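Everything on this sheet refers to the single structure shown next.
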Amino acid sequence: EERGALLETYVLHEIRAYLHYNDLHYPIFYWKTHQGTEVDFIIESRSGVLALEVKASTRWSSWDNAGLVRFRDDHPELKIRTVGVYRGARALKEKEVTVQPCEEFLRSLWGGELVR
């Protein structure tokens with residue numbers, strides 16, 4: 001049960017470290033609707049918005065996309081990149097959501113591919 005919170009915290013600290021070391025002062029938000037649909041991290045940058053959902057599961061299901069899809073649909077005026085992070089072994093693309101294993105996500109983050 002704790003894995004989810006631990007992975008989210010780890011990802012948050014990596015994002016904060018990346019932003020700090022690259023002198024990027026972008027805010028990080030959490031988003032939730034009144035119905036309970038949520039997105040773990042929203043990062044506003046010069047290049048657009050990164051919406052990020054983190055799951056400790058080794059499988060990604062279409063249900064896991066719900067918050068990301070809803071956020072994108074609710075904000076059509078924004079340039080939004082939707083990314084899922086999970087403990088699985090392979091990258092996926094589902095409903096305009098790019099899903100990456102955690103290690104691949106970290107390489108993309110630190111490589112400057114996600115937030116600039």
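The values are calculated or read from the model by the stated rules, or taken from the named source; none is laboratory data. All values reported here derive from a predicted model rather than from experimental measurement. Cβ atoms come from the backbone with ideal geometry, glycine included; neighbour counts cover every protein chain shown. SASA here: full protein model, heavy atoms, side chains in, ligands and nucleic acids out. Shrake-Rupley method; radii C 1.70, N 1.55, O 1.52, S 1.80 Å.
Confirm whether residue 90 is charged (D, E, K, R) and either under 19 Å from residue 116 (Cα atoms) or assigned to a loop (DSSP other than H, G, I, E, B) (or both).
yes
The conditions are (1) surrounded by fewer than 19 Cβ atoms within 10 Å (Cβ to Cβ); (2) at pLDDT 95 or above; (3) out of contact with any Asp or Glu (no Cβ under 8 Å at 6 or more places or on another chain); (4) within 27 Å of residue 2 (Cα to Cα), and residue 22 fails exactly one of them. Which is it?
Result: residue 22 passes all but (4).
Please indicate, with yes or no, whether at least one residue in the stretch 71-94 is under 17 Å from residue 16 (Cα atoms), of a type outside the set (A, V, I, L, M) and touching a residue at least 40 places away in the same chain (Cβ under 8 Å).
no
Take the conditions modelled with pLDDT of 95 or more and farther than 18 Å from residue 6 by Cα and apply them to residue 86. Does it pass?
Criteria not met by residue 86.
Within the stretch 26-59, work out how many residues are open to solvent by less than 30 Å² (accessible area, probe 1.4 Å) and not in a strand (DSSP E or B).
Number of matching residues: 2.
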